[in-house]
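Participant: Here it is: the structure, laid out below.
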Amino acid sequence: MPEIHPSAIVAPGATIEEDVRIGPWCQVGPNVVLERGVELVSHVVVDGHTIIRAGAKLWPFCSVGLAPQDLKYRGEPTRTEIGPGTQVREHCTIHRGTVTGSGITRIGANCLLMAVVHIAHDCQIGDGVIFANNVVLGGHVEIGDYAVIGGASALHQFVRIGKGAMVGGMSGVEADVIPFGSVLGNRARLVGLNLIGLKRRGYERAELHRLRKAFRILFRENNDVFAERLARVRDTYGNDRLVAEILAFIDAPSQRGLIRPAITDDDDDERESS
């Protein structure tokens, strides 16, 4: 049986599965689904057509599934989804999608949103993503699995963050970050590879060696145009699984373009970002 505090307000029509815990002063809307084992600690608001998957935990003063901050929004029944095992800490805000976007704001499994994170409408977040405190996302941002977003960073709308990438704290990200890349600064520039993250994920030394070689060709050589360097990497390393992730990311449609190193950056792709 679910455990619901007497002070909580659960609207008729909400679906509350087994072992759900709804703490004091929470409010759950009529189109909300809370799957098995979900916990709303206290003072949590969940509204709209929202699904919170099994085992997710929302801490005090979160709001999930409320209307987007989009002047074109007219109350359409768009959606929000939070994946299993994800933790949403204090004062986070996650807004539903829009009909001019994908129609859904989605957060994957086993993510961690530290305090005061804002996820805007139509964002698509992969599995295992970590957001440090005070991160803000504009609408339509896409973030790949296992990326890490440092504290007080701001991501422009429509930006893509590749799988396993690292965004340093207090960075302003205006364009796309390649998979496994590390960016830093205001405005953020590509400073190297997230090698520590790759090692923690168990990638082999030989794979990392090939990835670093491909990275140097793409972003450290200046003797020809980028398209020619891209073709060289495709021919030499295109069958490598890590390099293939980067190539596919570059090939995919983008509204914001690609973050590259600053012209004055040192040749420092050995940097190991945590």
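Participant: So the check is Cβ under 7 Å with 6+ separation or different chains; which pairs have a first residue in segment 1-26 that's modelled with pLDDT under 95 and a second one that's not in a loop (DSSP other than H, G, I, E, B)?
Facilitator: none
Participant: Can you tell me which residue within segment 253-272, out of those that are assigned to a loop (DSSP other than H, G, I, E, B) and under 16 Å from Gly164 (Cβ atoms), is modelled with the highest pLDDT?
Facilitator: If we take residues in segment 253-272 being assigned to a loop (DSSP other than H, G, I, E, B) and under 16 Å from Gly164 (Cβ atoms), then Ile259 is modelled with the highest pLDDT.
Participant: I'd like the full set of residues that are in a loop (DSSP other than H, G, I, E, B) and in contact with a Cys (Cβ under 9 Å, 6 or more places away or on another chain), limited to segment 1-20.
Facilitator: Residues satisfying the conditions are His5, Ser7, Ala8.
Participant: Considering only residues that are crowded, with 19+ Cβ neighbours inside 10 Å and assigned to a loop (DSSP other than H, G, I, E, B), which ones fall in segment 73-99?
Facilitator: Thr78, Gly83, Thr86, Arg89, Cys92, Arg96, Gly97, Thr98
Participant: Can you name every residue in segment 31-53 that is farther than 14 Å from Glu17 by Cα and surrounded by fewer than 21 Cβ atoms within 10 Å (Cβ to Cβ)?
Facilitator: Hits for segment 31-53 are Val41, Ser42, His43, Val45, Asp47, His49.
Participant: When only residues in segment 21-49 that are of a type in the set (S, T, N, Q) and assigned to a loop (DSSP other than H, G, I, E, B) count, which is nearest to Pro6 (Cα to Cα)?
Facilitator: Ser42
Participant: Do we find a residue being in a loop (DSSP other than H, G, I, E, B), touching a Pro at 6+ places or on another chain (Cβ under 7 Å) and at pLDDT 95 or above anywhere in segment 181-197?
Facilitator: Checked segment 181-197: no residue is in a loop (DSSP other than H, G, I, E, B), touching a Pro at 6+ places or on another chain (Cβ under 7 Å) and at pLDDT 95 or above.
Participant: Which residues, counting only those in segment 50-63, are farther than 13 Å from Pro84 by Cβ and assigned to a loop (DSSP other than H, G, I, E, B)?
Facilitator: Hits for segment 50-63 are Trp59, Pro60, Phe61, Cys62.
Participant: Moving on. Only one of these conditions is not met by Ser102: (1) surrounded by 20 or more Cβ atoms within 10 Å (Cβ to Cβ); (2) assigned to a loop (DSSP other than H, G, I, E, B); (3) in contact with a strand residue (DSSP E or B) (Cβ under 8 Å, 6 or more places away or on another chain). Which number is it?
Facilitator: That leaves (1) as the condition not met.
Participant: Moving on. Which is closer than 22 Å to Pro60 by Cβ and either modelled with pLDDT of 95 or more or outside any strand (DSSP E or B) (or both), of Ala109, Ala152?
Facilitator: Result: Ala152 is the single residue among Ala109, Ala152 that is closer than 22 Å to Pro60 by Cβ and either modelled with pLDDT of 95 or more or outside any strand (DSSP E or B) (or both).
Participant: If Trp25 satisfies all but one of (1) buried (at least 20 other Cβ atoms within 10 Å of the Cβ); (2) farther than 18 Å from Thr86 by Cα; (3) hydrophobic (A, V, I, L, M, F, W, C), what's the number of the condition it fails?
Facilitator: Among (1) buried (at least 20 other Cβ atoms within 10 Å of the Cβ); (2) farther than 18 Å from Thr86 by Cα; (3) hydrophobic (A, V, I, L, M, F, W, C), Trp25 violates only (1).
Participant: Could I ask something else about it? Every residue in segment 211-241 that is touching a residue at least 24 places away in the same chain (Cβ under 8 Å), part of a helix (DSSP H, G or I) and touching a Lys or Arg at 6+ places or on another chain (Cβ under 7 Å), please.
Facilitator: Scanning segment 211-241 gives Leu218, Phe219, Tyr237.
Participant: From Arg220, Arg216, which residue is surrounded by fewer than 17 Cβ atoms within 10 Å (Cβ to Cβ), at pLDDT below 95 and closer than 14 Å to Pro261 by Cα?
Facilitator: Arg220
The values are calculated or read from the model by the stated rules, or taken from the named source; none is laboratory data. Since we're looking at a predicted model, the values are computed, not measured. With ideal geometry, Cβ positions are generated from the backbone for all residues, glycine too; neighbour counts draw on all protein chains shown.
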